[in-house]
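The values are calculated or read from the model by the stated rules, or taken from the named source; none is laboratory data. Everything numeric in this text was worked out from a predicted model, so none of it was measured. Glycine gets a Cβ as well: all are built from the backbone with ideal geometry, and neighbour counts include every protein chain shown.
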Ligand SMILES: [Fe+2]
C-alpha cells in the first residue's frame, strides 16, 4: 500500500482506503479497482493523494471503522446545518453514533491515524470529526470512564458548532479579518455553549467544552480569559486536539505540519498555553508516523507504514532484499525509524 499523488496513480491500482464525501457518504469503497473515470472524477473533486495498492489485498484496518466514520460525519453535518438554519437541535443521532465509536476505540489498541486525503473547501465537519476521534482516544488513554469519554467526545465533535451563528462572509473570508470581524469570530465558543446547554441527553460539561476550547492556561485565550484550574479537563483535552488537527490538516495559512512537527510546536507552547500533561497524552494518542508515511530506517532501507498501535508500528519494506516483506517494529527492537521521508 502506498500514499501517492493522484498524478502518479495508474488505472488498475486498488484503493486501499475508502474515500468519503463531505456529507459522509462513501464515494469509493476500499478495495475498488481504480478506473480512468474514477481518477478523473477524484481530480475534479480536488483530491490530491490517495492510498493505493497493487493487489486487491485485505488492507488492515484499525481504529474507527469506515462505517462509523461515515455515520459520525453525516450526523455531525446534520446538526451543524440545522444550527445554521436556526432550527431546533436534536443531538440524538450524534449521541448514538458516539456509542459505536466508544465501543470501537475501547476494544482496540488504537492510535489516531488519519492522514489528510483531500482538500475540501469546507473543513468544518471533517475537522470536528477528527478532533472528536483524537479527544476520544486521549480520554481512553487517560483512563476516563465510558460516561466521561462520551461527554468529552460530544463536546469535541460539537466544539465549533457556534460558528454556524456567524456570518458566512466572515467565516469564509480569505485574508485578514478586521478588528470587528475578529471580535465576532471570537464569540463562537459562547454561541456554541448556548446552542448546546440544556439540550436533551447532552451533558452540560459537553456544552462547556464548546465554551472553553479557545481558553489557554495563562489566561490569554477567549472568550472569558479563564486560566489553569478554571478550565475543565475536557476542554484542556479538546484544545490540544483542536490545535493539533489545525496544524496537521493544512487548514491554516501555513504549510501542513507532520505529526512530530506539530507535537514539537505544541510542546514549545507549554506550559503557557497548554498543560504539559495534555501534550504528553496527545503524543501517546496520535501516531508519530501515520499509516501511509514513507520512513527511513536505521539500516538505511525505506519502509512504508501499514499499521500503527501503541505497541508497535508495522512497515512494509520498499527497498532492499526484503522488499515487499512486512514486519512489526517494537519499541525495544533493533530496527528503528530514523525519520519520515514523505
Ligand atoms: Fe473554535
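Let's see how each residue does on (1) assigned by TED's automatic domain parsing to the domain that holds residue 203; (2) over 19 Å from residue 199 (Cβ atoms); (3) touching a helix residue (DSSP H, G or I) at 6+ places or on another chain (Cβ under 8 Å); (4) at pLDDT 75 or above:
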| site | (1), (2), (3), (4) |
| --- | --- |
| 86 | yes, no, no, yes |
| 89 | yes, no, yes, yes |
| 102 | yes, yes, yes, yes |
| 117 | yes, yes, no, no |
| 127 | yes, yes, yes, yes |
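Elements of the type helices (runs of 4 or more DSSP H) sitting completely within the stretch 118-180 and holding at least 1 residues that are surrounded by fewer than 18 Cβ atoms within 10 Å (Cβ to Cβ), free of Cβ contacts under 8 Å to residues at least 40 places away in the same chain and within 16 Å of the ligand (Cβ to nearest atom): these cover 168-171. Taking the criterion of being within 15 Å of the ligand (Cβ to nearest atom), within 21 Å of residue 89 (Cβ to Cβ) and outside any helix (DSSP H, G or I), the only residue of the stretch 181-197 that qualifies is 187.
The rows are residues; the columns are (1) under 17 Å from residue 239 (Cα atoms); (2) over 19 Å from the mean Cα position of the chain (by Cα).
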site	(1), (2)
259	yes, no
266	yes, no
277	yes, yes
280	yes, no
297	no, yes
304	no, yes
308	no, no
314	no, yes
321	no, yes
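Listed conditions (1) at pLDDT below 90; (2) closer than 30 Å to residue 145 by Cα; (3) touching a helix residue (DSSP H, G or I) at 6+ places or on another chain (Cβ under 7 Å); (4) buried (at least 18 other Cβ atoms within 10 Å of the Cβ) are all met by residue 22, apart from (2). The one condition from (1) in contact (Cβ under 8 Å) with a residue 40 or more places away in the chain; (2) within 24 Å of the chain's Cα centre (by Cα) that residue 338 does not meet is (2).
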